[in-house]
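The values are calculated or read from the model by the stated rules, or taken from the named source; none is laboratory data. Keep in mind the model is a prediction, meaning the values are calculated, not measured. A quick note on method: Cβ atoms are made from the backbone with ideal geometry, for glycine too, and the neighbour counts reach across all protein chains shown. In case anyone asks, the SASA skips ligands and DNA or RNA and just uses the protein heavy atoms, side chains included. Shrake-Rupley method; radii C 1.70, N 1.55, O 1.52, S 1.80 Å.
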Amino acid sequence: RSGGGYPGTFADAARAADALREHAARFNLDAGNVVAVGHSAGGHLALWLAARPKLPADSPLRSPDPLPIARVVSLGGLPDLEATANSPDNGCSTDVVDRLVGDRPEPYRDTSVPRLLPLGVRQDLVNGREDRIIPFRFANDYAARAEGAGDHVELHTVPRTGHVELVAPETAAWAQAKRIVLEALGR
């Protein structure tokens, strides 16, 4: 779809995930054991991909057979778009979230992961304790909500770490994040 925002960003992520199943044989992929990994907004999309089977029946983002996600690793992700939009202290600004979810009634019902809990998928949240872009409380609050709904969520706190260090090669934070990703992949 043209442009980002709603529904394009979500539809593009869904099509990309579903393409893994279509091309699994060609690239020797195990489409039955997909680990979704993302940083920042990509961390939100990784969680959202796991939530796709829970989308409301009337959502334009719903598809009949979404690729199942076996596990999610969110690196400094935005687990709750609604909480982010209601927190002016986030480093993304509330305008960015508004543009992502669209100007429509109930914009979070098919875009914000907590509205779709429980996911039924193991979730690893890797977050820097001193993250000023995505404040640590977002991960902590989401983990509590997801666990309260019955999901298995592990919050990996990286001390003395901000947002970018989680994916910056040669940092201690990246070494920890990489270890968690490789473990999730069974390596």
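Values for this structure:
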item	result
Surface share of carbon and sulfur [accessible, 1.4 angstrom probe, percent] for the chain	51 percent
In Hz, Karplus ³J(HN,Hα) per residue of region 118-134 (6.51, -1.76, 1.60; θ = phi - 60°; x = Gly, Pro)	x, 7, x, 10, 5, 10, 10, 10, 10, 9, x, 5, 9, 5, 9, 7, 10
DSSP-assigned coil residues among trypsin sites (Lys or Arg not before Pro) in region 8-117, each with at most 16 further Cβ atoms within 10 Å	R62, R109
5 angstrom amide H check on D124, placed H, neighbours 5+ away	V72, V73, S74, E154
Spin-label pair T171/R132, simplified geometry with 7 Å Cα→Cβ offset, distance in nm	1.3 nm
Computed [θ] at 222 nm, deg cm²/dmol, the chain (DSSP H ≥ 4; -39,500 (n - 2.57); rounded to nearest 500)	-11000 deg cm²/dmol
Region 119-134-region 49-82 distance, computed between alpha-carbon centres (Å)	16 Å
Accessible surface, region 1-83, averaged per residue in Å² (probe 1.4 Å)	45 Å²
